[in-house]
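Here is the structure we will look at.
Since every read-out is calculated from the coordinates, none of them should be taken as a lab result. Remember, it's a predicted structure, so these values are computed and weren't measured experimentally. Using ideal geometry, Cβ is built from the backbone for each residue, glycine included, and neighbour counts are taken over all protein chains shown.
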Amino acid sequence: MKKALLTLLPVAALALSACGGGGSDSSTSNDARGPITIWYSNNAQEVAWGKKMVADWNAAHPKEKVTAQEIPAGKSSEEVIGAAITAGNAPCLVLNTAPAAVPGFQKQGGLVALDDFPDGKKYLQERVGDRLSQYASPDGKYYQMPWKSNPVMIFYNKDLFKKAGLDPEHPKLSSYKDFLATSRKLVDSKAAKAAIWPAPTSEFYQSWFDYYPMFAAQTGKQLVEDGKAQFASPDGIKAAQMWKTMYADGLAPKESYNGDAFADGKAAMATVGPWAVSVYGDKVNWGAVPVPTAEGTAGKGTFSDEKSIGMYTSCKNRGTAWDVMKFATGKEEDGKLLEATGQMPMRTDLAAAYPSYFASHKEYEVFAEQAEHAVEAPNVPNSVEVWQTFRDAYTKAVIFGKGDLDSALKGAAAKVDKLAEGQ
């Protein structure tokens with residue numbers, strides 16, 4: 001669920017739990033079985049699903065009991081997991097592993113390669129399909145199980161659109177030109193304080209909720225491909241220029257909003273995933289459209305906002321951990337996760353796998369379609385530093401309009417190329 005899954009909401013402090021004890025041990029057998037510990041996100045819907053999944057596993061496997069808890073509180077889940085890797089007491093599985101954090105965890109020696117299990121690569125390939133290659137690490141191995149995605153779209157407030165004199169059923173939002181014109185009408189009419197209000201702060205992950213969805217739609221590419229930054233391309237600059245205009249014209253505020261601007265009616269639009277359907281529900285009279293492209297053509301990709309499952313090297317009973325991972329991502333549990341959360345399991349031909357769900361939840365069909373074209377955060381060395389380097393340049397040149405945009409992005413791209421090479 002958007003950044004709430006990345007930067008944790010306050011929860012009671014929980015002690016870091018060991019999974020069989022010990023630190024990173026590459027000699028641990030992948031066949032060993034016994035009790036394991038897992039962590040999952042503190043999102044209420046996922047916690048409820050996780051508790052039921054664990055109870056079902058434990059009922060059938062009394063000698064391989066799973067002990068589960070929410071990720072302990074901290075500045076971010078990445079920080080907490082990284083500290084646990086260092087201490088050698090990470091759990092066996094974390095059902096909230098951000099793909100952008102995988103390279104760092106791998107560098108720490110904290111992750112188990114899932115294709116080291118005899119059926120590992122086959123299981124991953126059959127479940128995820130053609131999208132799997134985006135989750136490979138530079139060494140060609142898979143240190144994460146792509147689990148669930150939140151393909152993003154533009155949610156808009158129909159009541160505010162109507163108040164601004166816009167057609168709430170057929171909004172003009174497909175091209176940058178139309179998106180800007182509609183945004184100006186929303187703000188100039190005072191229907192809303194902001195057309196859209198992404199967080200204008202500099203944390204590395206904030207670009208996932210403003211620039212990256214538009215970049216993915218425009219290009220179908222990842223931020224870095226084949227070791228080279230892609231955002232300084234003509235299409236990458238077009239997406240950045242669109243956002244620069246939004247900020248320069250006062251259509252997107254440069255200050256942070258303390259709360260949910262879309263839910264509170266302060267912003268007429270938001271870039272969100274399917275989790276928003278249940279969150280906004282009847283609170284907002286909303287509609288959803290694909291993220292715009294420069295010329296209004298169909299998007300070439302959709303940012304996935306995916307979360308993976310990682311197996312951590314402090315785990316001793318890896319045979320059990322692998323079996324639990326497959327159990328938690330099997331067709332039955334994926335269906336239960338979809339039902340409970342509305343998030344899209346990373347499964348090939350999702351709509352066909354759960355026809356009854358989508359027949360009775362029509363509002364989710366479009367997200368299932370978008371999920372088939374997911375674009376992930378690139379799995380490259382220094383991943384977090386790559387995103388931070390981009391975000392720093394973006395914050396200065398796009399949000400605050402300082403300096404030349406082309407030069408800023410090209411300068412950041414040169415730095416990113418070196419970082420992606422492991423320098």
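Students often forget the sequence filter, so: which lysines lie under 21 Å Cα-Cα from K52 once same-chain residues fewer than 8 apart are removed?
Cα-Cα hits under 21 Å: K63, K65, K148, K307, K326, K331, K336.
Please state, to two decimals, what the Cα-based radius of gyration of segment 177-267 comes to when divided by 2.2 N^0.38 Å (N = residues). Mind dumping the intermediate values first?
On the way: Rg = 14.1 Å, N = 91, 2.2 N^0.38 = 12.2 Å.
Compared with the compact-globule rule of thumb, segment 177-267 sits at 1.16.
Once label points are set 7 Å from the Cα along Cα→Cβ at both D116 and F400, what is their separation, rounded to one decimal in nm?
4.5
Could you give the length gained on full extension between D226 and K51, defined as 0.36 nm per residue of separation minus the Cα-Cα distance, in nm?
Details: separation 175, 0.36 × 175 = 63.00 nm, distance 4.02 nm.
Result: 59.0 nm gained on full extension.
Show the residues, 5+ positions off or on another chain, whose built amide H is closer than 5 Å to the amide H of E70.
Y40
Among V47, W208, M242, whose Cα sits farthest toward the positive end of the charge dipole of the chain (+1 at Cβ of Lys/Arg, -1 at Cβ of Asp/Glu, about the Cα centre)?
M242
May I ask which residue of N96, P118, A351 lies farthest towards the positive end of the charge dipole of the chain, with charges of +1 (Lys, Arg) and -1 (Asp, Glu) on Cβ and the Cα centre as origin?
Most positive-ward Cα: N96.
Rounded to whole Å and sorted largest first, what semi-axes of the equivalent ellipsoid does the C-alpha gyration tensor of segment 30-114 yield via the square root of 5 times each eigenvalue?
Working: eigenvalues 101, 58, 21 Å².
For segment 30-114, the ellipsoid semi-axes come out as 22, 17, 10 Å.
Classify segment 298-411 as rounded, prolate or oblate from the Cα gyration tensor: take a ≥ b ≥ c as the square roots of its eigenvalues, call it rounded if a/c is under 1.5, otherwise prolate when a/b beats b/c and oblate if not.
Details: a/c = 3.49, a/b = 1.49, b/c = 2.33.
Note, shape of segment 298-411 comes out oblate.
Rg and Dmax of segment 250-315, using alpha carbons, in Å: what are they?
16.4, 51
Would you please put 48-55, 242-249 in order of how densely packed they are, using the mean number of other Cβ atoms within 10 angstrom per residue and starting with the highest? Before the final figure, lay out the partial values.
Working: 48-55: 17.4, 242-249: 18.9.
Per-residue Cβ counts within 10 Å, averaged per peptide and sorted highest first, yield 242-249, 48-55.
What FRET efficiency would be calculated for the residue pair N258, S407, taking the C-beta separation as r and a Förster radius of 30 Å, to the nearest 0.05? Walk me through the intermediate numbers first.
Details: r = 34 Å, r/R0 = 1.13.
About 0.35, to the nearest 0.05.
DSSP loop (so not H, G, I, E, B), at most 15 other Cβ within 10 Å: list which GluC sites (Glu not before Pro) in segment 346-423 pass both filters. Each step should come with its number before you reach the end.
Numbers: sites: E363, E365, E369, E372, E376, E385, E421; in loops: E372, E376, E421.
Of the GluC sites (Glu not before Pro), the ones in loops of segment 346-423 whose Cβ has at most 15 other Cβ atoms within 10 Å are E421.
Given a Förster radius of 35 Å and the C-beta distance between D159 and S202 as r, what FRET efficiency does 1/(1 + (r/R0)^6) yield to the nearest 0.05?
0.60
Does segment 226-285 come out rounded, prolate or oblate by the C-alpha gyration tensor, with a ≥ b ≥ c the root eigenvalues, rounded set by a/c under 1.5 and, if not, prolate when a/b is larger than b/c and oblate if not? If you can, show how the numbers build up before the last one.
Working: a/c = 3.00, a/b = 1.66, b/c = 1.80.
Verdict is oblate for segment 226-285.
Compute, for the chain, the length of the dipole vector about the Cα centre, with Cβ point charges of +1 (Lys, Arg) and -1 (Asp, Glu) only. Units Debye, rounded to 20.
Values: 46 positive and 49 negative charges, 138 e Å.
Here the chain has a charge dipole of around 660 debye.
At 222 nm, what helix-only mean residue ellipticity would the chain give, in deg cm²/dmol to the nearest 500, using -39500 (n - 2.57) for each DSSP H run of four or more? Walk me through the intermediate numbers first.
Values: 16 runs with 159 residues, N = 423.
Helices in the chain give a 222 nm mean residue ellipticity of -11000 deg cm²/dmol.
Please turn the phi angles of segment 134-139 into ³J(HN,Hα) values with the Karplus equation 6.51 cos²θ - 1.76 cosθ + 1.60 (θ = phi - 60°), one per residue in order, whole Hz, x for glycine and proline.
Values per residue, Gly and Pro as x: 5, 9, 6, 7, x, 7 Hz.
Quick check: Cα centre of segment 201-236 to Cα centre of segment 278-308, how many Å?
16
So how long is each side of segment 83-172 along the principal axes, counting just the alpha-carbon atoms, biggest first, in Å?
Over segment 83-172, Cα extents along the principal axes are 58, 32, 21 Å.
Gap in Å between the Cα centre of segment 28-56 and the Cα centre of segment 141-180?
Here the answer is 33 Å between Cα centres.
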